[in-house]
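Before any comments, here is the structure.
The values are calculated or read from the model by the stated rules, or taken from the named source; none is laboratory data. What you see is a predicted model, and the numbers here were worked out from it, not measured in a lab. Glycine also receives a Cβ, built like all others from the backbone with ideal geometry; neighbour counts cover every protein chain displayed. Side chains are part of the model used for accessible areas, which takes the heavy atoms of the whole protein and leaves out ligands, DNA and RNA. Shrake-Rupley method; radii C 1.70, N 1.55, O 1.52, S 1.80 Å.
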Amino acid sequence: MGDINWTRRDIIKGIGATTAGMALSSCGISGDRSAKGLTEEALAVQPVVKSGDLEKADLTVGYVPVNDCAPFAIAWKKGFFRKYGLNVTLNREASWATSRDGVIFGRLDASPVVSGAVTNARIGAEGARHAPLCAAMTIHSHGNAMTMNKAMWDFGLRPWYEYQEKYGNGALEAFGRDFRGYFDKQPSEGKVWAVVLSSSIYEYFIRYLSAAAGVDPLKEFRVIIVPPPQMVTNVRIGAMQAYMVAEPWNTRAITGNENIGFTFAQGKEVWLGHPDRLLGVMESFIDKYPKTYRSLVKAMIEACQYCSKDENRQKVAELITDRSFTGARPKKKDAPIAKFTSPAILGNYNYGGFDGKDRTIKAADTTIFFDIPDNLPKQPGEHSTFLWRSRSIWMMTQAARWGQIKEFPKNAEKLAELGWRADLYREIASEMGIECPKDDYKVEPPEVFIDKKGFDPSDPVRYLNSFAIRANAPTNFFMS
């Protein structure tokens with residue numbers, strides 16, 4: 001149990017060499033894998049913006065080999081970059097850390113970043129480099145999940161929706177009982193949950209879920225950082241017991257694919273409607289190249305709209321199996337090419353399991369690129385690429401909750417305005433004839449969270465203090 005007393009910074013340092021080694025090995029082939037040149041479809045596109053009218057027409061844009069690289073792949077293949085006067089080189093990134101840091105250090109002009117990365121760079125959360133990152137749009141919502149290994153299945157853990165079906169309002173308590181029971185029987189090295197980036201929404205989700213079930217994530221297990229393509233292998237060799245990542249790396253784990261685990265829950269089951277990836281740039285990029293930035297956002301909005309249409313989703317799922325993107329193609333020649341990528345994009349999602357039961361659930365909100373399905377609460381004019389600044393405030397509550405910052409920022413609203421550029425998005429979208437919500441902040445209703453605890457951005461400190469399990473929470477001492 002000695003490992004439980006490690007500090008968070010010790011853990012990050014301890015895995016640094018391993019993660020760096022993974023990143024470097026992937027970086028060696030990154031350039032060769034990246035999509036290059038212009039496709040026939042792109043060449044056929046007539047630009048509506050002249051490259052010469054932009055401050056900087058040649059851009060290097062990153063992406064990570066997960067399903068949400070789809071809008072970047074489509075913008076390249078279909079010529080949306082070219083349409084807006086941009087000559088974009090796509091660069092395949094080894095991890096979400098290199099995707100973020102590539103922007104911060106100027107190697108990349110823009111890149112997708114994990115939801116929370118912009119906020120945490122602004123507030124200097126532990127594990128996040130302090131930098132003036134910005135985002136004006138969401139690349140997609142949902143499309144991620146939590147995978148647990150076969151040993152957790154054998155112990156009795158099951159997908160979250162089955163707990164709901166069996167226990168109703170007592171589902172969280174029942175899950176917490178099983179979850180704690182499993183970890184109580186493990187040595188310290190068997191209590192590891194991996195996420196893709198420190199101080200990210202994925203880390204917040206596994207901590208949020210655990211705490212909601214009555215299990216203190218600061219005491220009961222460790223969180224490590226692993227690049228998405230390494231998740232399945234690390235579970236197979238026993239380096240960790242569970243992970244949270246974007247698809248297709250959950251689908252790859254299930255029975256019939258890699259046979260090493262099952263999906264416990266999709267991220268949407270923790271927070272329905274949550275943003276996943278943002279289009280990250282430095283504040284200086286927007287200041288120096290305002291016309292270029294507008295073109296980039298417009299190209300990405302159109303790409304997200306394309307990915308959102310039902311009639312395009314199968315083509316999108318097939319495109320991103322290419323080696324230039326996820327490289328997630330089945331080894332069997334007779335298997336469908338998009339076997340791994342299509343479930344989350346088409347919405348025929350299989351949770352897996354080891355009892356032969358079909359757990360495929362069809363849902364329109366498995367991955368949301370633009371149009372928001374009717375089962376989600378939404379405001380007039382809302383679509384998924386719009387950024388709510390209130391959600392940046394929520395990220396700050398979680399950074400404070402888990403001790404990544406000393407206290408909730410007194411200038412939180414100002415930081416949200418600087419980082420989450422809803423104002424710019426609204427201007428750019430209006431030029432495209434896209435309606436947007438008139439407000440920047442909204443209340444998240446109780447029903448969208450797994451613990452039915454709503455979030456009111458007008459009183460974030462009260463919300464933060466309402467959680468019994470958190471870093472620096474008051475401790476009760478009982479004397480006989």
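Evaluated with a Cβ-only charge set (Lys, Arg +1; Asp, Glu -1), the chain carries a dipole of roughly 840 debye about its Cα centre, given to the nearest 20.
For segment 158-211, trypsin sites (Lys or Arg not before Pro) meeting the loop criterion (DSSP other than H, G, I, E, B) and having at most 13 other Cβ atoms within 10 Å: K185. Solvent exposure of I450, expressed as accessible area, is near 10 Å², computed with a probe of 1.4 Å over the protein chains only. Remark: segment 300-315, residue by residue, has Karplus-estimated 3J(HN,Hα) of 6, 4, 5, 5, 5, 4, 4, 5, 6, 6, 4, 5, 9, 5, 5, 5 Hz, where x stands for each Gly or Pro and the curve is 6.51 cos²θ - 1.76 cosθ + 1.60 at θ = phi - 60°.
The value of relative contact order for segment 158-255, using C-alpha pairs under 8 Å at least six residues apart, is 31 percent. For the chain, adding -39500 (n - 2.57) for each run of n ≥ 4 DSSP H residues and dividing by the number of residues yields -11000 deg cm²/dmol at 222 nm. Coupling constants for segment 179-195 follow from the phi torsions by the Karplus curve (6.51 cos²θ - 1.76 cosθ + 1.60, θ = phi - 60°), and in residue order they are 4, 5, x, 5, 5, 4, 9, 9, x, 4, 6, x, 10, 10, 10, 9, 10 Hz; glycine and proline get x. To the nearest whole percent, what portion of all C-alpha pairs in segment 47-141 is separated by more than 22 angstrom? Result: 31 percent of Cα pairs exceed 22 Å. The trypsin sites (Lys or Arg not before Pro) of segment 287-331 that DSSP puts in a loop, and whose beta carbon has at most 15 other beta carbons within 10 Å, are K309, R323, K331. When only Cα pairs below 8 angstrom with a gap of at least 6 residues are kept, the chain shows a relative contact order of 20 percent.
Applying 1/(1 + (r/R0)^6) with R0 = 25 Å to the Cβ-Cβ distance of F105 and D423 gives a FRET efficiency near 0.40. Binning all Cα-Cα separations of segment 323-421 at 10 Å, short to long from zero, yields these whole-percent fractions: 12, 25, 26, 26, 11, 1. Treating r as the C-beta distance of K288 and D154 and R0 as 60 Å, the FRET efficiency rounds to 0.60. A Förster distance of 30 Å, applied to the separation of the beta-carbon atoms of T233 and S51, puts the FRET efficiency at 0.10. Using only side-chain charges placed at the Cβ, +1 for Lys and Arg and -1 for Asp and Glu, the dipole size of segment 310-455 relative to its Cα centre rounds to 760 debye. Look at the dipole of segment 83-127 built from charges on Cβ: of W96, A117, L86, the Cα furthest out on the positive end belongs to L86. Sparsely packed loop sites in segment 275-372 (the chymotrypsin sites (Phe, Trp or Tyr not before Pro) outside DSSP H, G, I, E and B with at most 15 other Cβ atoms within 10 Å) comprise F354. Once the chain from H130 to N87 is taken as fully extended at 0.36 nm per residue, the excess over their C-alpha distance is 12.5 nm.
Got a sec? Which residues in segment 363-406 would a label at D439 touch, if it sits 7 Å along Cα→Cβ and we count backbone N under 17 Å? Label zone hits: 377-383, 386-394. Expressed as a whole number of Å, what is the distance separating the alpha-carbon centroids of segment 65-130 and segment 332-397? The two parts, judged by their Cα centres, are 20 Å apart. Subtracting the Cα-Cα distance of S430 and N348 from 0.36 nm times their residue separation leaves 26.2 nm of extension gain. Entry comment: accessible area of the chain is 40 Å² per residue, from protein heavy atoms only and a probe of 1.4 Å. Scalar couplings 3J(HN,Hα) for segment 215-226, obtained by applying the Karplus form with A = 6.51, B = -1.76, C = 1.60 to θ = phi - 60°, are 10, 6, x, 7, 10, 8, 7, 9, 10, 10, 10, 9 Hz; x denotes Gly and Pro. Here the chain is scanned for GluC sites (Glu not before Pro) in DSSP loops (not H, G, I, E, B) that have at most 12 other Cβ atoms within 10 Å, and the longest stretch holding none of them is 56-406. Mind checking which of A422, N67, F369 is farthest towards the positive end of the chain's charge dipole, using Cβ charges of +1 (Lys, Arg) and -1 (Asp, Glu) about the Cα centre? Ranked along the dipole, the leading option is N67.
Here the dipole of segment 70-166 is about 420 debye; that uses its Cα centre as origin and unit charges on the Cβ of Lys and Arg (positive) and Asp and Glu (negative). Solvent-accessible area assigned to carbon and sulfur over segment 282-351 amounts to 48 percent, based on a 1.4 Å probe. The mean of 1/r over all distinct Cα pairs in segment 271-383, once inverted, gives the Kirkwood hydrodynamic radius of 16.6 Å.
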